[in-house]
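Read through the structure below, which is laid out as structure tokens, and then see the notes.
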Amino acid sequence: MSGSTAAPEKPTRVDERLVRTSALRKLLGRPELGSVVGAAAVFLFFAIVADSFLQASSFGTVLYAASVLGIMAAPVALLMIGGEFDLSAGVMVTSSALISSMFSYQMTANVWVGVFVSLLATLAIGAFNGFMLTRTRLPSFIITLGTFLMLTGLNLGFTKLISGTVSTKAIGDMEGFESARTLFASTLTLGGVEFKVTILWWAALVAIATWILLRTRFGNWIFAVGGEADAARAVGVPVIRTKIGLYLGVAFAAWVSGQHLLFSYDVVQSGEGVGNELTYIIAAVIGGCLITGGYGSAIGSAVGAFIFGMTSKGIVYAEWNPDWFKFFLGAMLLLATLLNAWVRKRAEATS
């Protein structure tokens, strides 16, 4: 009688979540890697061609230019990760400033009353975008393009109707103006270098956006609806609530930017903001966000905004014709997109 033959043991399957990932693989998997490389290249370039670029005062100016864009780029990046666009973001900033200014002036109220009313109105615009998107199922491009056109007309029409001109009346002598300016448009001096308070707003919004994406359930929902909304809905992700929340985030940032615009210059031109929405999207794309959604980071949007700041001011410090700025911006967009695509392929190949 022959002895029984032992059955071969099945190989033990290891849970992929428990596999140790190398530092290189983690680095290649970061959405903002390409933009960081691009930022280093832009910094070195202008450090060589512009003597004043490395001065401390220049650094404060570059950060200010980056922060004005970055405040909006962070929530726009989250919206793009969620698979949507907001073409009304640029003029929404102007709408927010106009509401604060005209309400305060016409009601002869404390400036803070106008600021609060502006917050409610701007959030209502964001909620409208999100509601129309989720109810009609139309592309966000169409929904927010319509909002963009409506706000552009309302900004000009109401400003002319109320003020008689295309700009608001000065409110610098009204109660509450100085305290509001301190919060939204003050200047801090550190080591003899002036820094605008918008830099703090920018850093705070990027930090909050990063925490939401990486540490909260809502962040998981954002990636899920951006990757495949129907699949996300099938597993219980509240798609409607998530997308409306993302549009509210863009609206809040537009309110912050609008108050900075108002309290920096005292008056607001009703035609401002047109075209800025594309710059916000460009910063997010340079930072690693995909047009198709489901991929990106808030930190990447900050790097994209920093590249914008270095380029816009670096051209001035190099004493070049500023008309070249759009060319450099377009070239950076193409190069960053290609670099980000290459980084993603390398990351997928090593996974």
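Of the listed requirements (1) at pLDDT 95 or above; (2) among the hydrophobic types (A, V, I, L, M, F, W, C); (3) not in a loop (DSSP other than H, G, I, E, B), residue 37 misses just one: (1). Being under 22 Å from residue 133 (Cα atoms), among the small types (Gly, Ala, Ser) and open to solvent by less than 30 Å² (accessible area, probe 1.4 Å) holds for only one residue in 227, 219, 236, and it is 219. Every test in (1) farther than 19 Å from residue 86 by Cα; (2) at pLDDT below 90 is passed by residue 269 save one, and that test is (2).
So that you can scan it fast, the table gives a plain yes or no per residue for (1) under 20 Å from residue 269 (Cα atoms); (2) crowded, with 24+ Cβ neighbours inside 10 Å; (3) free of Cβ contacts under 8 Å to residues at least 40 places away in the same chain:
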| position | (1), (2), (3) |
| --- | --- |
| 78 | no, yes, no |
| 87 | yes, no, no |
| 92 | yes, yes, no |
| 98 | yes, yes, no |
| 105 | yes, no, no |
| 110 | no, no, no |
| 117 | yes, no, yes |
| 129 | no, yes, no |
| 132 | no, no, yes |
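The set of residues in the stretch 305-329 being of a type outside the set (A, V, I, L, M, F, W, C) and more than 22 Å from residue 74 (Cβ to Cβ) consists of 314, 317, 319, 321, 322, 323, 326. Restricted to the stretch 189-241, the set of helices (runs of 4 or more DSSP H) holding at least 2 residues that are small (Gly, Ala, Ser) and under 20 Å from the mean Cα position of the chain (by Cα) comprises 198-215, 217-227.
For the stretch 243-269, the set of residues classified as among the polar types (S, T, N, Q) and surrounded by fewer than 24 Cβ atoms within 10 Å (Cβ to Cβ) consists of 264, 269, listed by residue number. In this structure, residue 170 qualifies as part of a loop (DSSP other than H, G, I, E, B), under 30 Å from residue 57 (Cβ atoms) and hydrophobic (A, V, I, L, M, F, W, C). The single condition among (1) open to solvent by 60 Å² or more (accessible area, probe 1.4 Å); (2) more than 29 Å from the chain's Cα centre (by Cα) that residue 174 does not meet is (1). Which condition number does residue 109 fail, the rest of (1) of a type outside the set (Asp, Glu); (2) at pLDDT below 95; (3) in a helix (DSSP H, G or I) being met? Result: residue 109 fails condition (3) only. Close contacts from the stretch 38-67, counting a first residue that is more than 19 Å from residue 189 (Cβ to Cβ) and a second that is outside any helix (DSSP H, G or I) and open to solvent by less than 30 Å² (accessible area, probe 1.4 Å), with Cβ to Cβ under 9 Å and a gap of 6+ residues or different chains, come to 46/318; 49/318; 50/318; 51/318; 52/318; 53/318. The one condition from (1) open to solvent by less than 60 Å² (accessible area, probe 1.4 Å); (2) within 18 Å of residue 115 (Cβ to Cβ); (3) outside any loop (DSSP other than H, G, I, E, B); (4) of a type in the set (Val, Ile, Thr) that residue 162 does not meet is (1). Would you call residue 296 of a type outside the set (A, V, I, L, M, F, W, C) and open to solvent by 10 Å² or more (accessible area, probe 1.4 Å)? Answer is no for this residue.
Take the conditions touching a residue at least 60 places away in the same chain (Cβ under 8 Å) and either over 27 Å from residue 59 (Cβ atoms) or touching a helix residue (DSSP H, G or I) at 6+ places or on another chain (Cβ under 9 Å) (or both) and apply them to residue 267. Does it pass?
Judged against the criteria, residue 267 is a match.
For (1) without any contact (Cβ under 8 Å) to a residue 60 or more places away in the chain; (2) within 24 Å of residue 220 (Cα to Cα); (3) in contact with a Ser or Thr (Cβ under 8 Å, 6 or more places away or on another chain), each residue gets a yes or a no:
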residue	(1), (2), (3)
251	no, yes, yes
260	no, no, yes
276	no, no, no
323	yes, no, no
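Yes/no matrix, rows are residues, columns are (1) open to solvent by less than 60 Å² (accessible area, probe 1.4 Å); (2) without any contact (Cβ under 8 Å) to a residue 12 or more places away in the chain; (3) part of a helix (DSSP H, G or I); (4) of a type in the set (Ser, Thr, Tyr):
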residue	(1), (2), (3), (4)
120	no, yes, yes, no
126	yes, no, yes, no
142	no, yes, yes, no
155	yes, no, yes, no
158	no, no, yes, no
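The values are calculated or read from the model by the stated rules, or taken from the named source; none is laboratory data. Quantities reported herein were computed from a predicted structural model and do not represent experimental measurements. All Cβ positions, glycine included, derive from the backbone under ideal geometry; neighbour counts span all protein chains shown. Ligands, DNA and RNA are stripped out before the accessible areas are found, and what is left, the full protein with its side chains, is counted by its heavy atoms. Shrake-Rupley method; radii C 1.70, N 1.55, O 1.52, S 1.80 Å.
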